[in-house]
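Asks: One structure follows; several queries about it will come next.
The values are calculated or read from the model by the stated rules, or taken from the named source; none is laboratory data. The structure presented is a predicted model; accordingly, all values stated were derived computationally and were not measured. FYI the Cβ positions are ideal-geometry reconstructions off the backbone, even for glycines, and counts take in every protein chain you see. For the accessible areas, the whole protein counts, side chains as well, though only heavy atoms, and no ligand, DNA or RNA atoms are used. Shrake-Rupley method; radii C 1.70, N 1.55, O 1.52, S 1.80 Å.
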Amino acid sequence: SLKLAKELDSPLLVAVNGISSHWTWAARTYPFLFPFELRVSLFKTISLDRMRALWLLQQRLANADNAPSLVSSISLPKRKFIINRTNIQEDLRSSVLSERNRGDLRVFEFEYENELGTGHGPTMEFYALASDLYSNEHEGILPGYTKVDYEKFNLLGSLVARAWLDDRIINIPVHPVFISVLKGENAHIEDLAIVD
């Protein structure tokens, strides 16, 4: 873990895509050997483009006393969206997470119509409000099979991907059966009683 963490904290290795492929193999084969945060850092470093990987490294090392100077000079272009607070779901669907924006590698930031404020605060509020659209305080999110549910889950997947890409944290309640399926465990007929 220490050796992998040292490689992931090296701007030079990240810049030249020099993280060895044996780390990926080890993390997939023996995930219990590495802390979750370290596996997430590895996944982001090897799966994102070079500039974004360096930007994420900068975010990780921002509070470290010995942060390399190369990392402190990286910034990514930003894209701002103006959101109507009363119609967040429609703005999310038609503008922010539309098909044309899915490949956009700029960092998304949000402002609200007729309100002052920009940057981190309104952006985090947007993600909190958008994730509230999917809340079910009793049971959490379950996969659905109707066309409406499919569109809602498609938007949810895009929201989670965008939050992950921009290194934002969102809180989405997920049903325990859904979590077990995501972890690769098989769902059984007994699980229907829990879902019902």
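Asks: Between Val174, Val14, Val40, where does the largest GNM mean-square fluctuation fall for the chain, given springs only between Cα atoms within less than 10 Å?
Replies: For the chain, modelled as a Gaussian network with Cα springs under 10 Å, the answer is Val40.
Asks: Within the chain, what is the longest stretch that has no GluC sites (Glu not before Pro) placed in a DSSP loop and near at most 16 other beta-carbon atoms within 10 Å?
Replies: Numbers: sites that count: Glu113, Glu115, Glu137, Glu139, Glu185, Glu190.
Here the longest segment lacking exposed loop sites spans 1-112.
Asks: Where in the chain are the DSSP H helices whose alpha-carbon span along the long axis reaches 15 Å or more and whose Kyte-Doolittle mean is at least 0.0? Kindly include the intermediate steps, with their values, before the conclusion.
Replies: Numbers: long enough: 36-47 (16 Å, 0.64); 50-61 (16 Å, -0.21); 120-132 (18 Å, -0.22); 147-165 (27 Å, 0.20).
Sorted by number, the helices that extend far enough and score high enough are 36-47, 147-165.
Asks: Given [x] 50, 50, 29; [y] 45, 42, 36; [z] 64, 32, 15, which label gives Cα extents along the principal axes in Å as computed from the coordinates?
Replies: Here the calculated entry is [x].
Asks: Can you give the accessible area of His22, probe radius 1.4 Å, in Å² rounded to 10?
Replies: 90 Å²
Asks: If the limit is 28 Å between Cα atoms, which of Lys44/Lys183; Lys3/Lys78; Lys80/Lys183; Lys6/Lys80 go over it? Display every interim value, and only then the final one.
Replies: Values: Lys44/Lys183 19 Å; Lys3/Lys78 33 Å; Lys80/Lys183 34 Å; Lys6/Lys80 34 Å.
Distance filter (> 28 Å) returns Lys3/Lys78; Lys80/Lys183; Lys6/Lys80.
Asks: Here's a follow-up. What relative contact order, as a whole-number percentage, does the range 1-127 give when Cα pairs under 8 Å and 6 or more residues apart are counted? Mind dumping the intermediate values first?
Replies: Values: 112 pairs, mean separation 23.8, N = 127.
Here the relative contact order equals 19 percent.
Asks: What residue among Lys78, Lys152, Lys183 shows peak mean-square fluctuation when the chain is described by a Gaussian network model with Cα springs under 10 Å?
Replies: Lys183
Asks: Mind checking which of Leu116, Ser94, Asn84 is farthest towards the positive end of the range 80-122's charge dipole, using Cβ charges of +1 (Lys, Arg) and -1 (Asp, Glu) about the Cα centre?
Replies: Checking the options against the dipole of the range 80-122, the answer is Ser94.
Asks: Calculate the dipole size of the chain relative to its Cα centre from +1 charges on Lys and Arg beta carbons and -1 charges on Asp and Glu beta carbons; express the result in debye to the nearest 20. Show your work: numbers first, answer last.
Replies: Numbers: 21 positive and 25 negative charges, 198 e Å.
That gives a dipole near 960 debye.
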